[in-house]
1. Just one of 157, 146, 252 is open to solvent by 80 Å² or more (accessible area, probe 1.4 Å), among the basic types (Lys, Arg), in a helix (DSSP H, G or I) and farther than 27 Å from residue 63 by Cα; which is it?
2. Taking only pairs six or more apart or across chains, which ones have beta-carbon atoms under 6 Å, a first residue in the range 252-264 that is aromatic (Phe, Trp, Tyr), and a second residue that is open to solvent by less than 50 Å² (accessible area, probe 1.4 Å)?
3. From the list 30, 44, 39, which residue is small (Gly, Ala, Ser) and modelled with pLDDT under 95?
4. Please count how many residues of the range 231-242 are open to solvent by less than 10 Å² (accessible area, probe 1.4 Å) and either modelled with pLDDT of 80 or more or within 18 Å of residue 136 (Cα to Cα) (or both).
5. Consider only pairs whose beta carbons are under 8 Å apart and that are at least six residues apart or on different chains; among these, list those whose first residue lies in the range 217-235 and is more than 19 Å from residue 190 (Cα to Cα) and whose second residue is open to solvent by 70 Å² or more (accessible area, probe 1.4 Å) and at pLDDT below 90.
6. Do you know which residues across the range 161-190 are open to solvent by 40 Å² or more (accessible area, probe 1.4 Å) and over 27 Å from residue 149 (Cα atoms)?
7. Could you grab me the full set of residues in the range 200-222 that are under 18 Å from the mean Cα position of the chain (by Cα) and open to solvent by 20 Å² or more (accessible area, probe 1.4 Å)?
Amino acid sequence: MTKLSFFITKGMGGGLADILDGVIRDAVTGKDVAVAFSGGLDSGLIAAIAGKYAESVRLYTVGTAGSYDVLASGKMASDLKMDWVHVPLNEEVIEEKLSEMIRITGTLDPIVLSFEFPLVCIAPLVECDLILGGQGADEVFCGYSKYLDLSTDNLLKQREEDMVKLNSLTLPHEKKVVSHYGKNIFYPFLHNDVTEFVSCLNPEVLIPHGDDRKMILRDAALELGYSDIASKKKKAAQYGTGSMNLMKKIAKNRGLSVSEYIIGLADGRPWTTY
């Protein structure tokens with residue numbers, strides 16, 4: 001029996017739990033690590049597992065005061081008894097970090113820029129070399145709302161399109177950011193052992209229904225003893241942090257669309273000069 005077959009016969013949640021535990025253990029043992037932390041299922045599970053093996057773990061959350069991510073992260077960090085850093089987000093930071101991301105990466109997509117705010121805020125602050133990120137969880141485990149109740153064929157087609165976008169746009173963007181600051185980033189959910197495990201499952205078990213999303217990942221969290229993390233709901237980063245709302249507010253105050261505002265920044269025109 002192969003290792004993968006053994007894991008699958010243990011049950012989907014238990015098999016995935018063992019794989020994730022091993023993947024993160026191998027990546028962090030004896031190291032100081034940072035986690036891009038939203039207080040949701042994905043980053044919460046990564047942080048909890050890392051805490052068993054790393055020399056130290058520090059959690060970084062970016063968001064406006066009182067935002068969903070900040071409130072959820074502060075509570076979960078306290079429950080995990082881990083060091084937590086809240087990086088405040090306001091209009092001045094939005095201006096600075098948008099310009100910085102555009103300069104480093106060349107990205108002009110408003111959605112990508114809005115959900116990438118956490119990383120560009122965290123990377124220059126992190127004192128260790130390794131950042132753990134939860135990218136890929138929604139693609140691998142079918143967590144997006146657009147996957148709800150799709151047929152199996154349509155689910156696989158949509159997920160393939162999203163994986164292409166992830167690999168061609170999002171990950172290169174993030175790697176440019178962390179490289180700019182001399183850091184490395186590791187994505188446990190995109191590790192070959194994880195994606196191979198999921199590829200061997202009947203895709204029907206991945207189809208989300210209502211609030212039942214990423215159930216395999218939630219089952220893995222339960223298997224590892226993290227029931228509170230397994231029950232967490234997550235907003236999209238651009239809304240959980242409050243970044244998209246701030247971007248829209250700034251653009252509206254200048255009589256611009258968000259896309260026009262971003263193009264102006266790319267051309268070197270700060271919003272204060274409009």
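1. Numbers: 146 fails: farther than 27 Å from residue 63 by Cα; 252 fails: farther than 27 Å from residue 63 by Cα.
From the options 157, 146, 252, the qualifying one is 157.
2. From residues that are aromatic (Phe, Trp, Tyr), the pairs are 261/251.
3. Values: 30 fails: modelled with pLDDT under 95; 44 fails: modelled with pLDDT under 95.
Of the residues listed, the single one that is small (Gly, Ala, Ser) and modelled with pLDDT under 95 is 39.
4. 1
5. 233/211; 235/68
6. 172, 175, 176, 179, 180, 181, 182, 184, 186
7. Looking only at the range 200-222, we keep the residues that are under 18 Å from the mean Cα position of the chain (by Cα), and these are 213-218, 220-221.
Result: 213, 215, 218.
Quick grid of which residues meet (1) within 20 Å of the chain's Cα centre (by Cα); (2) hydroxyl-bearing (Ser, Thr, Tyr); (3) within 23 Å of residue 172 (Cα to Cα):
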{"site": "48", "(1), (2), (3)": "yes, no, no"}
{"site": "57", "(1), (2), (3)": "yes, no, no"}
{"site": "60", "(1), (2), (3)": "yes, yes, yes"}
{"site": "73", "(1), (2), (3)": "yes, yes, no"}
{"site": "84", "(1), (2), (3)": "yes, no, no"}
{"site": "91", "(1), (2), (3)": "no, no, no"}
{"site": "102", "(1), (2), (3)": "yes, no, yes"}
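The values are calculated or read from the model by the stated rules, or taken from the named source; none is laboratory data. Since the model is a prediction, treat every value here as computed from it, not as a measurement. All Cβ positions, glycine included, derive from the backbone under ideal geometry; neighbour counts span all protein chains shown. All accessible areas refer to the heavy atoms of the entire protein, side chains included, with ligands and DNA or RNA removed. Shrake-Rupley method; radii C 1.70, N 1.55, O 1.52, S 1.80 Å.
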